[in-house]
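The values are calculated or read from the model by the stated rules, or taken from the named source; none is laboratory data. Since this is a predicted model, take the numbers as computed values, not measurements. Quick reminder, even Gly has a Cβ in these numbers, built from the backbone with ideal geometry, and neighbours come from all protein chains shown.
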Amino acid sequence: MARGDLPKPTYAHNMRLIGHSDQAGRADGQQIMVRNGYAYIGHVCSKGFSVVDVRDPTRPKTVNYIQNPPNTWSLHLQVHDDLLLLVHGRDMFSQPEMADERNYYKPKAGAHGHDEAPHARNWSAGMAVFDISRPAEPRQIGFMPVEGTGLHRIWYVGGRWAYASAMLEGFSDYILITIDMLDPTRPKIAGRYWLPGMNLAAGEKAQWPLERGRYGLHHAVVADDIAYCAWRDGCLVSVDVSDKSNPKQIVHRNWSPPFGGGTHNCLPLPDRDLLIVLDETVLDNMEDGLKPIWIFDNQVKSNPISIATFPLPDDRDYVAVGGHFGPHNIHENRPGSFQSSTLIFATYQNAGVRVYDISDQFRPVEVGACVPPAPKKLVDPRPNRPVVLHSADVFVDTNGLCYCTDWSGAGLTIMEYGG
């Protein structure tokens, strides 16, 4: 898109919009990774992933799209060196009961596919591995199948080990798995961890009020052999993964109730002994209440302590805008990307991208923001959804450029932070 044709942000502070792409008409996007001038974008509704040439970030160009097997979504992916790891899971939004988004976040949501006979499943479940040595031409070289609904999100930064959330047959919701990548053409599960009460096949009973929502792993971020797990309404779980075959819990912190849960990211900042924990807003009009971005003191790994929360966007009444207002995702300081223990980049759904300075960990402040315009039309197939912005993920490259997706249909937006 030429510079003069760029959409105008509805609000910007210390940031500017420099590029935009509708991703060749597949304008929905969830997780994004950028490597060697190419962006890889997992789709929620378009059932595959796209490759966008961003070597000129002012003129991004979609160069490829890899379609999934039928009834399968791949909303999350990981890229490192010449490998791309892609989740395969059941396309939840195509299920009739998911027309009401609240049903996805109820306890029974984790059991979708749990009681299905394997021969009756009509989707692909597991993890696909692609060779991206030719960046615009991903080539699948491996697949790890699982019995169940499939994978949700992966953490992989190279080497032998990957970590993922997986909904496996016999469990109530997503659990942590360690994955041996020694042979990328034949990845295999090495170990598992779940909260006691999740292994239904073993006769375990839930140790939490079932009406509280989803006790399932969204994903883990791993540092120094500790997996910092965002366990949705179970909140923060730290797991020792030094023994990949036998992960062990270090600590479980749960603040739901009184807060709403929905924990989505747990980002360690090892050089400062801090932990950034984001609770995802999942319902319209703040129906699920305030969802903070927390700062934890993590000096004692068995005793993380909450010390602050990030300020809310206050440049307009975003609840009145409609749709989701609240945090969704943060840039996770991956190797090969922008890394900082003082600047945190977050997506805030209908409030766009926000940048926070946490130099004083007890007093985080917002130092930048960019709110792209709403989509012109939705890719989301569910009925009666509001046509508003839903910024999903942000990836910040080593030059400080921010690449932001939108899961409802606003496409890829490229921004520059001015700080």
Of the conditions (1) without any contact (Cβ under 8 Å) to a residue 12 or more places away in the chain; (2) among the charged types (D, E, K, R); (3) touching a Lys or Arg at 6+ places or on another chain (Cβ under 7 Å), Asp180 satisfies every one except a single condition; which number is it? (1)
What number goes with the only condition from (1) crowded, with 20+ Cβ neighbours inside 10 Å; (2) assigned to a strand (DSSP E or B) that Ala27 does not pass? (2)
Evaluate the following for Val87: is it at pLDDT 95 or above and either at positive phi or buried (at least 22 other Cβ atoms within 10 Å of the Cβ) (or both)? yes
Only residues that are at pLDDT below 95, among the small types (Gly, Ala, Ser) and touching a Lys or Arg at 6+ places or on another chain (Cβ under 8 Å): list them for segment 201-239, please. Gly213
Take the residues of segment 90-136 that are in a loop (DSSP other than H, G, I, E, B), touching a Ser or Thr at 6+ places or on another chain (Cβ under 8 Å) and at pLDDT below 80: which is farthest from His324 (Cα to Cα)? His114
Could you count how many residues in segment 162-193 are within 21 Å of the chain's Cα centre (by Cα), surrounded by fewer than 23 Cβ atoms within 10 Å (Cβ to Cβ) and part of a loop (DSSP other than H, G, I, E, B)? 0
Would you mind stating whether Ile175 is aliphatic (A, V, I, L, M), touching a Ser or Thr at 6+ places or on another chain (Cβ under 9 Å) and either within 18 Å of Met127 (Cα to Cα) or at pLDDT below 95 (or both)? yes
Looking at segment 231-259, which of the residues that are part of a loop (DSSP other than H, G, I, E, B), of a type outside the set (S, T, N, Q) and over 18 Å from the mean Cα position of the chain (by Cα) is farthest from Ala190 (Cα to Cα)? Pro258
Every residue in segment 52-66 that is under 21 Å from Ser391 (Cβ atoms), buried (at least 18 other Cβ atoms within 10 Å of the Cβ) and out of contact with any His (no Cβ under 8 Å at 6 or more places or on another chain), please. Val52, Val54, Pro57, Thr62
Report, by residue number, each residue of segment 5-24 that is outside any strand (DSSP E or B) and crowded, with 22+ Cβ neighbours inside 10 Å. Gln23
Would you point out which residue out of Pro327, Pro313, Pro268 is under 14 Å from Ala351 (Cβ atoms) and part of a strand (DSSP E or B)? Pro327
For segment 367-419, how many residues are at pLDDT 95 or above, of a type in the set (Phe, Trp, Tyr) and touching an Asp or Glu at 6+ places or on another chain (Cβ under 8 Å)? 1
